[in-house]
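Inspection log for the structure reproduced underneath, given as structure tokens.
Laboratory data are not the source of any read-out in this text; all were calculated from the coordinates shown. Since the model is a prediction, treat every value here as computed from it, not as a measurement. Cβ coordinates were reconstructed from backbone atoms using ideal geometry, including for glycine residues, and neighbour counts include every protein chain displayed.
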Amino acid sequence: MSCSNSLAQVQKVVEQLRLEASMERIKISLTAGELVQYCQEHKRSDPLLSGIAASSNPFKDKKSCVLL
């Protein structure tokens, strides 16, 4: 029973490795360049770079905290 269990596990691992080896890879340099280009093209609409107007920020505190 134990031998057939370990054999099945090894077969699953081999199948997974074959699947991963057959995947088409994208060169990192091309992907990184596209990512940089996308960020530069959309930086005006990115709230992390341009900020959010205080009047339209839904997470702004309504009241300030006062300690006595």
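Per-residue packing, averaged as other Cβ atoms within 10 Å, sorts the ranges 54-67, 16-29 into the order 16-29, 54-67, beginning with the highest.
Seen against the Cα atoms of the chain and their longest principal axis, helix 2-22 is set at about 60 degrees. For region 2-43, the Kirkwood estimate of hydrodynamic radius, built from reciprocal distances between every pair of different alpha carbons, is 13.4 Å.
Length gained on full extension, LYS60 to THR31, computed as 0.36 nm times the residue gap minus the Cα-Cα distance: 6.8 nm. Quick one: check the C-alpha center-to-center distance for region 1-37 versus region 44-68, whole angstrom. Taking the Cα centre of each part, region 1-37 and region 44-68 sit 44 Å apart. Counting only alpha carbon atoms, the long axis of helix 28-41 and the longest principal axis of the chain meet at about 20°. Here LYS62 is the anchor, and the lysines within straight C-alpha reach of less than 30 Å, apart from those fewer than 8 places off in the same chain, are LYS43. Dividing the summed -39500 (n - 2.57) terms of all DSSP H runs of n ≥ 4 by the residue count of the chain sets its mean residue ellipticity at 222 nm at -18000 deg cm²/dmol.
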